[in-house]
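The numbers here are math on the coordinates, done by the rules we state, and not lab data. Here the structure is a predicted model, which is why all the values come from computation and not from measurement. For neighbour counting, all protein chains shown are included, and Cβ atoms are generated from backbone atoms with ideal geometry for every residue, glycine included.
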Amino acid sequence: MGSFQSPVGRSSTLAETSCGYLLQELQLIWNEIGQDKLEREKILVDLEQECLEVYRRKVDAANTTRARLHQELAETEAEFTHLLLSLGERSLPGRPEKMVGTLKEQLDSITPALRDMRLRKEERVNKFRAVQEKIQKISAEIAGQSEYENSSSDVRVNENDLSLKKLEEYQTELQRLHNDRNERLERVEKYIDSIRKLSLILGTDSSMVITKVHPSLNELCGIAKNISNSILAKLDSTVESLEEEKQKRLEKLHHLGKALTNLWNIMDTPYKDRQSFSHVTALLSVSSAEVTGPGSLTQNIIQQVEAEVKRLDQLKISKMKELFLKKQNQLKEICTKSHMEIPMQVNTDNIINLMNSGEVDHADLVMRMDQQISRAVDEACSRKTIMEKVEKWMLARDEERWLEEYGRDENRYSVRRGAHKNLRRAERARVLVSKIPALVDLLIENTKSWEEERKKTFLYDEIPLLAMLEEYNVSRQEKEGEMQRQREVKFQGQIGHYQQEKLYLPNPSSSPRRTSNRSVNGGFTTATPLNRRLSLGLQKLGPNSIDLGTQSISNEANKVQRQKMFARPGLVSPIRDETASVVSTFSSPLSP
């Protein structure tokens, strides 16, 4: 206020400003007017008060500006710090280490770094949004929401955590979803491929089956395939149902094929008639997994086989009688050929009557006949080795009988047509007959082994083979004993005859050479035939030839009984004449 009381002293200072000039001008006016001093003081006080209020307003405005700058600087630093934390960054290269200078200078120094951080945040948010959009889209596909729209408004990014670690987690989740989607697509393709293959085998339309599961699975629809869990479950159940249907049809064809094969075998269907159903019989030994041919298990094939089985079943009834008789004749032929007992001796008329009345199952009857034929074939195979030896034995016995008859023929050495052939046959017959004892012993051994193994008696035309062989051995031994006795008797007669001839022979001193070289019958030989024949007879008779035993009447009766048994057709053969060569030696000097 004192400054306004001495305006003259202050005029030089106030003149420099517009306010001082105005105040000086006001003093001049007052002086000119003659303004009262009190009025002047009052006006100057009012002016000073108004100036204070203006200064105060300015100071308040400056304080407000300073507070605002402090707040902006604090907010800027807080935002910068928040961005660093949300982006997962510890520091930014463009940010000043220390804040120096005025507030505006400090604010201007941090503003570029904040702007850079905001750009980085925007880029990071865009990345998060893009990844989250893909995650939502793939998740929607996996969930079966095929109508998902790619709208960024549905994606909410958490801006409080925009770190690279979080982004990596989202990317890992996205990759997992990618793999899951690819795996599901592969499973869907496998299911569709299986459905197409099974439909091709079963003869159904695969497109209808796939569309029934979901229209998006049909490639003709042109929309993304639904790969949800429910669709995968439906595809799996569809494949399982088709597999079950395949297995069911295959089992049905197995049953029909076996029935068809049995009917063919029962009625001896020709091979050319079976060819039309060869594709069915080829499936009898095939599992469900091995059936891959297109149209292998269609309903049409099953219906055709059913119709054929029904037709053959009706035809079987009319041909069963003929078939039964054929099987029976086959069984008889096998048994007759192997000289076995026929196992089925039932009256044929009674069986046919039962077949006509329906009291006998045709298939069961034929099956039993087949089983009997199979058993007969097995037994015939087991008897084959023995039967071959029996046939050799029978042939040798035939040769033995012929040799016996040939030995009794007094004209066998006469010069006649074909005599040399008989001589050669006799030599072969003697070799064959000489093997009979060893053959009989081997037959006995093989037959006993067969009976022990089979726990049954080996029958040859209803006669035990062992009994036949033992009877033959006994008969052969009796025959040999009888022949030995005959040789001994004949030998004794030859000795007596020789002694009588010796009495009438000339004196050895008169003509020793002629006497020694002449035979009893007047023929000439290189040695004495009589002495040679005697020595040969003694060698063949052996040391026990002097004992002349006799047989009882019971042995003769047994011999007659054995001859009756061996007199059956096909079983009769003579006993080997082991002394035929000896008898022929004594019968003529010209014998070979």
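State the Cα centre-to-centre distance between the range 203-220 and the range 445-481 in whole Å.
79
What's the FRET efficiency of residue 109 with residue 29 using the Cβ-Cβ distance as r and R₀ = 51 Å, to the nearest 0.05?
Computed FRET efficiency for residue 109 and residue 29: 0.45.
Evaluate the distance, in nm, between pseudo-label points positioned 7 Å from the Cα of residue 381 and of residue 473 along their respective Cα→Cβ axes.
3.1
Report the full-extension gain for the segment residue 271 to residue 492: residue separation times 0.36 nm, less the Cα-Cα distance, to one decimal in nm.
Taking residue 271 through residue 492 to full extension adds about 71.9 nm, to one decimal.
Quickly work out the residue 42-to-residue 442 label distance, labels modelled 7 Å from Cα along the C-beta direction, and quote it in nm with one decimal.
Placing both labels 7 Å along Cα→Cβ, they lie 17.5 nm apart.
Could you grab the relative contact order for the range 371-491? Cα pairs under 8 Å, six or more apart, rounded to a whole percent.
Details: 43 pairs, mean separation 27.6, N = 121.
This gives 23 percent for the range 371-491.
Kirkwood Rh over Cα pairs of the range 197-314 into Stokes-Einstein at 10 °C, 1.306 mPa s: D in µm²/s?
Result for D is 98 µm²/s.
To the nearest 0.05, what FRET efficiency results for residue 244 and residue 133 with a Förster distance of 41 Å applied to their C-beta separation?
0.40
For the residue pair residue 482 and residue 394, what label-to-label distance in nm results when each label sits 7 Å from Cα along the Cα-to-beta-carbon direction?
2.4
What length, rounded to one decimal in nm, is gained on full extension from residue 193 through to residue 409, with 0.36 nm per residue of separation minus their alpha-carbon distance?
68.4 nm
Label the range 184-262 by shape, choosing from rounded, prolate and oblate, from the square roots a ≥ b ≥ c of the eigenvalues of the Cα gyration tensor; if a/c is under 1.5 it is rounded, and otherwise prolate applies when a/b is larger than b/c, oblate when it is not.
Judged from the Cα gyration tensor, the range 184-262 comes out prolate (a/c at least 1.5, a/b above b/c).
What residue among 114, 209, 158 has its Cα farthest toward the positive end of the dipole of the range 113-210, where the charges are +1 on Lys, Arg and -1 on Asp, Glu, each on the Cβ?
Ranked along the dipole, the leading option is 114.
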